[in-house]
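To start, the structure itself, in structure tokens.
Please treat every number below as a calculation from the coordinates, not as lab data. Just so you know, these numbers come straight off a predicted model, no measurement behind them. Note: ideal-geometry Cβ built from the backbone for every residue, glycine included; neighbour counts use all protein chains shown.
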Amino acid sequence: MKLKTIAAPILLASAALIMNACATHTRQPEAVQVFIKKMVDSHGFDESELAEVFEYLTVKDDILKKITTPAEAMPWYRYRKIFLTEARINDGVKFWHDNAKVLEDAERRYGVPAAIIVAIIGVETRYGQHTGKHRVIDALYTLAFDYPQRSTFFQHELENYLLLCRDEHINPLELAGSYAGAMGMPQFMPSSYRSYAADFDNDGRRDIWHNKADVIASIANYFVKHHWQTGQAIALPAQATGEKYRTVLNDQLKPDLRLAELESLDLKISVPLALDTKVKILALKQEEGEEVWAVLDNFYCLTRYNHSPLYAMAVYQLSQAIFNKVALNNKGAFP
């Protein structure tokens with residue numbers, strides 16, 4: 001199936017609109033020509049049709065600015081305030097209430113807590129309210145060919161984006177998303193969509209833009225494929241005496257310390273765990289001092305969604321706040 005078969009009239013009309021907006025366009029760099037040839041040789045795309053699409057794409061400076069100043073660069077005490085708000089918690093409670101049956105079914109099938117799924121949607125898009133205003137193909141094009149630090153990654157995502165548009169019969173010029181090219185309510189990158197998106201209601205489509213059942217199941221499926229451990233803890237506050245714990249702080253995210261090693265670091269956790277459990281020690285910056293946590297494999301699983309411990313901790317704490325409020329509203333009985 002060639003690109004034209006996706007939405008030829010719409011694609012040509014979109015290109016015309018871009019032509020009107022841009023009086024001139026420049027010849028595509030060699031890297032783009034190499035990419036187009038790869039799509040033709042490896043996936044059977046029509047070269048002239050792809051070239052026509054790329055001819056009217058331009059690098060977006062605002063995207064480059066945003067990717068170099070991510071929120072995850074903030075200290076924890078500022079980052080936390082973005083997501084742990086009463087409004088976001090209350091919206092999460094409402095989302096849970098409105099989608100209780102699907103969340104229950106998904107938790108039963110996949111083993112991922114409903115609270116975690118709801119919190120992911122809350123952190124990513126405020127429960128679908130903010131899914132991004134950048135055209136996905138513009139974001140991927142900009143970062144694939146004008147962001148050398150991660151050009152390989154974004155060229156891979158652009159490749160997957162064109163393939164998913166062909167497979168799902170979507171016009172590649174129409175979808176909007178984040179400045180990094182993430183899409184829909186769960187903000188899946190194109191490769192994640194192709195690998196993990198789920199058709200939970202069996203309607204023949206994996207719709208992560210409008211179908212709440214598909215959104216919920218897709219997030220759960222993502223975590224299952226990244227080795228979520230059903231019923232296991234995520235993160236535990238740790239009490240530190242002195243600063244020996246600082247010797248094990250590093251940028252790695254995977255749990256690497258046995259529980260027995262915590263005692264030699266003058267660290268204690270209040271919840272008993274199996275002796276062979278591995279943890280990772282995190283020190284999160286507060287306005288005064290640090291907050292120390294022992295995080296486990298499920299926390300590491302959360303970082304597979306976004307490779308930031310701040311992100312994973314925000315998801316975890318938001319999930320706890322939403323869970324507690326749902327339980328309170330229902331006097332312990334979930335909807």
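A few comments on the model shown:
- Per-residue Karplus couplings for region 300-309, computed as 6.51 cos²θ - 1.76 cosθ + 1.60 with θ equal to phi - 60°, are listed in order as 4, 4, 4, 6, 6, 6, 8, 6, 9, x Hz, Gly and Pro entered as x.
- Solvent-free Debye calculation, one equal scatterer per alpha-carbon of region 112-258: log10 I(q)/I(0) at 0.20 Å⁻¹ equals -1.22.
- Taking 1.567 mPa s as the viscosity and 4 °C as the temperature, the Stokes-Einstein diffusion coefficient of the chain based on its alpha-carbon Kirkwood radius rounds to 59 µm²/s.
- Summing Lys and Arg as +1 and Asp and Glu as -1 over all other residues whose Cβ lies under 10 Å from the Cβ of residue 141 gives a net charge of 0.
- Size descriptor for region 22-166, Kirkwood hydrodynamic radius: 18.4 Å (Cα pairs only, one decimal).
- Residue 331 versus residue 56: modelled label distance in nm, points set 7 Å from Cα along the beta carbon direction: 6.1 nm
- Folded to 0 to 90 degrees: helix 114-125 orientation relative to the chain principal axis, Cα: 50 degrees
- Ellipsoid equivalent to region 235-295 - semi-axes via the Cα gyration tensor, in Å: 18, 13, 11
- Ordered by the count of other Cβ atoms within 10 Å of each Cβ, fewest first, 271, 102 give 271, 102.
- Taking 290, 72, 86 and counting other C-beta atoms within 10 Å, the order from fewest to most: 86, 72, 290
- Helix-only CD estimate at 222 nm, as mean residue ellipticity for the chain, using -39500 (n - 2.57) per DSSP H run (n ≥ 4): -16000 deg cm²/dmol
- Eigen-decomposition of the gyration tensor built on the alpha-carbon atoms of region 80-157 gives equivalent ellipsoid semi-axes of 32, 16, 11 angstrom, largest listed first.
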